[in-house]
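Below you'll find the structure, written out as structure tokens, and then a few comments.
The values are calculated or read from the model by the stated rules, or taken from the named source; none is laboratory data. Remember, it's a predicted structure, so these values are computed and weren't measured experimentally. All Cβ positions, glycine included, derive from the backbone under ideal geometry; neighbour counts span all protein chains shown. Areas reflect the complete protein model, heavy atoms only, side chains present, ligands, DNA and RNA absent. Shrake-Rupley method; radii C 1.70, N 1.55, O 1.52, S 1.80 Å.
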Amino acid sequence: PTGVFHFDIKHNHLKLKPAVFSKDSCYLPPLRYPATCTFKGGLESEKQQYIIHGGKTPNNELSDKIYVMSVVCKNNKKVTFRCTEKDLVGDVPEARYGHSIDVVYSRGKSMGVVFGGRSYIPSAQRTTEKWNSVADCLPHIFLVDFEFGCSTSYILPELQDGLSFHVSIARNDTIYILGGHSLANNIRPANLYRIRVDLPLGSPAVNCTVLPGGISVSSAILTQTNSDEFVIVGGYQLENQKRMVCNIISLEGNKIEIREMETPDWTPDIKHSKIWFGSNMGNGSVFLGIPGDNKQAVSETFYFYMLKCAEDDVNEDQKTFTNSQTSTEDPGDSTPFEDSEEFCFSAEANSFDGDDEFDTYNEDDEEDESVTGYWITCCSTCDVDINTWVPFYSTELNKPAMIYCSHGDGHWVHAQCMDLAERTLIQLSEGSSKYYCNEHVKIARALQTPKRVLPLKKPPLKPLHKKGSGK
């Protein structure tokens with residue numbers, strides 16, 4: 001229900017297992033295209049925190065919320081997370097996706113930096129035909145204090161255009177912004193910006209420098225091979241044209257150097273695919289995915305590859321994995337094309353502090369899923385029980401289907417409890433229209449359709465007669 005999974009590869013077999021959250025966690029919706037980064041918490045018990053900002057919600061709306069996720073318990077090959085929502089005050093970044101969030105450290109203090117992304121056009125300009133039209137966010141830099149929840153925006157003259165799906169590299173008090181896609185101009189400029197943040201006792205100081213030697217790329221994957229070296233893999237250089245060249249980025253002091261590296265021996269499937277996606281797996285490894293052949297009678301799978309980047313070259317170690325996730329959409333018919341990363345990893349392989357990785361699937365842990373969103377009391381007549389539930393829809397595997405109600409701050413309900421036909425459930429899941437559950441549909445209708453008020457009938461005025469006048 002949250003879109004957060006433990007990811008494990010062993011003996012060329014891919015496993016995904018839903019993450020377990022503590023009972024005091026807030027609900028974390030399954031967001032698409034959010035910005036994520038790691039953050040060193042101040043408490044000893046929270047050595048590693050994960051910051052999640054923005055993204056698309058299941059109802060195809062954009063989120064402006066910041067979530068902080070940390071490990072609260074780790075034993076017997078099971079990790080329990082705690083997720084809290086961070087309220088912001090000040091110049092709060094508008095809801096967006098396809099942006100970046102990084103953490104800078106200066107003078108013993110830390111600050112989050114939000115930049116770029118796309119957002120829906122203003123409400124006054126949204127029509128039925130253009131309801132989901134997006135535009136570039138303004139090229140503002142937002143500094144976010146994770147401790148006090150304060151956010152401040154900065155306008156830098158060097159940043160003229162909004163960018164999304166760019167590459168960001170954070171190191172100490174500096175962030176490098178590379179490439180990206182400008183939706184307004186439909187170009188991928190060869191940008192290279194250096195943003196430096198100074199955190200003295202008073203107000204922060206933010207400055208930007210335009211550097212030469214940038215690259216034109218969007219939706220690229222960044223992996224770190226050593227303390228001073230990164231590798232850029234994948235991405236797009238033109239619409240529907242993948243960027244097959246890889247680059248090495250070297251950082252030394254205040255200098256950054258970008259150079260091409262030997263191209264990996266891509267498989268024919270990767271070369272011919274129009275779409276690819278993936279993310280950094282840590283330790284110089286990149287996980288790539290492409291859609292399978294969807295011309296078959298059955299729905300296609302996705303094929304995944306592991307690419308290991310060495311210090312000076314890229315190994316030809318591209319092992320193929322398949323999974324059971326299917327898609328009925330022809331990637332060639334996806335118009336308009338939009339840069340995307342279908343999934344991302346917010347933690348490196350060694351970030352869970354220990355050698356006992358998740359290489360064993362423990363069926364006894366399944367009972368812990370009772371604390372997740374599937375097993376809830378969604379309404380007063382909800383009869384879904386974790387101990388007695390059986391699949392009701394053909395689309396269900398081992399969890400009840402849920403649908404998002406847009407009333408208020410939104411909440412999840414079971415499709416079976418709402419008496420939804422399977423055809424209706426599929427239509428609602430594929431569309432972008434708002435849905436209201438049985439308990440809130442009348443409220444929603446009342447807000448959308450004002451009650452009809454009948455005009456008052458005014459009786460005709462009668463002339464006044466004086467008493468005793470006889471008239």
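Here are the numbers for this structure:
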read-out: Lone unmet requirement of (1) touching a Ser or Thr at 6+ places or on another chain (Cβ under 6 Å); (2) over 23 Å from Glu158 (Cβ atoms) for Leu238; value: (1)
read-out: Residue match in the stretch 78-90 (condition: open to solvent by less than 10 Å² (accessible area, probe 1.4 Å), of a type outside the set (Gly, Ala, Ser) and touching a Pro at 6+ places or on another chain (Cβ under 8 Å)); value: no
read-out: Test set (1) modelled with pLDDT under 80; (2) in a loop (DSSP other than H, G, I, E, B) - Cys437 fails condition number; value: (1)
read-out: Qualifying strands (runs of 3 or more DSSP E) (wholly inside the stretch 51-130; at least 1 residues being small (Gly, Ala, Ser)); value: 66-75, 100-106, 109-115, 118-120
read-out: Candidate set: the stretch 71-93, residues that are polar (S, T, N, Q) and over 17 Å from the mean Cα position of the chain (by Cα); chosen: the one modelled with the highest pLDDT; value: Thr80
read-out: Where a residue in the stretch 416-428 is without any contact (Cβ under 8 Å) to a residue 40 or more places away in the chain and in the same structural domain as Met402 (by the TED database) and its partner, wherever it lies, is open to solvent by 20 Å² or more (accessible area, probe 1.4 Å) and acidic (Asp, Glu), with Cβ under 8 Å and at least six apart; value: Cys417/Asp383
read-out: Answer residue from the stretch 33-43, given it is in a loop (DSSP other than H, G, I, E, B) and over 15 Å from Glu147 (Cα atoms) and is modelled with the highest pLDDT among those; value: Pro34
read-out: Any hit, the stretch 111-132, residues being open to solvent by 60 Å² or more (accessible area, probe 1.4 Å) and in contact with a strand residue (DSSP E or B) (Cβ under 6 Å, 6 or more places away or on another chain); value: no
read-out: Count of residues meeting criterion [over 24 Å from Ile169 (Cβ atoms) and either surrounded by fewer than 18 Cβ atoms within 10 Å (Cβ to Cβ) or in contact with an Asp or Glu (Cβ under 8 Å, 6 or more places away or on another chain) (or both)] in the stretch 257-274; value: 7
read-out: Condition broken by Thr225, with the remaining ones in (1) open to solvent by 20 Å² or more (accessible area, probe 1.4 Å); (2) over 17 Å from Asn280 (Cβ atoms) satisfied; value: (2)
read-out: Residue in the stretch 237-253 that is more than 28 Å from the chain's Cα centre (by Cα) and farther than 29 Å from Gly289 by Cβ present; value: yes
read-out: Among residues of the stretch 100-122, those that are under 22 Å from the mean Cα position of the chain (by Cα) and of a type outside the set (Val, Ile, Thr), counted; value: 11
read-out: Residue within the stretch 360-375 that is open to solvent by less than 50 Å² (accessible area, probe 1.4 Å), modelled with pLDDT of 70 or more, of a type outside the set (Lys, Arg) and in a loop (DSSP other than H, G, I, E, B) present; value: yes
read-out: The stretch 397-421 - residue that is of a type in the set (A, V, I, L, M) and assigned to a strand (DSSP E or B) and, of those, most open to solvent (accessible area, probe 1.4 Å); value: Met402
read-out: Where a residue in the stretch 161-187 is at positive phi and its partner, wherever it lies, is among the aliphatic types (A, V, I, L, M) and at pLDDT 90 or above, with Cβ under 6 Å and at least six apart; value: Gly179/Val167; Gly179/Ile215; Gly179/Val217; Gly180/Leu163
read-out: Test: Ser106 is surrounded by 15 or more Cβ atoms within 10 Å (Cβ to Cβ), of a type in the set (S, T, N, Q) and either modelled with pLDDT of 95 or more or in contact with a strand residue (DSSP E or B) (Cβ under 7 Å, 6 or more places away or on another chain) (or both); value: yes
read-out: Among (1) modelled with pLDDT of 95 or more; (2) within 28 Å of Val231 (Cα to Cα) - the single one Ser153 does not satisfy; value: (2)
read-out: Boolean, Gly202 is touching a strand residue (DSSP E or B) at 6+ places or on another chain (Cβ under 8 Å), assigned by the TED database to the domain that holds Asn12 and not in a strand (DSSP E or B); value: no
read-out: Matching residues, the stretch 225-266, being more than 22 Å from Leu183 (Cα to Cα), part of a loop (DSSP other than H, G, I, E, B) and of a type in the set (Asp, Glu); value: Asp228, Glu262, Asp265
read-out: Residue satisfying condition, being charged (D, E, K, R), modelled with pLDDT of 95 or more and open to solvent by 10 Å² or more (accessible area, probe 1.4 Å), within set Arg196, Arg188, Arg171; value: Arg196
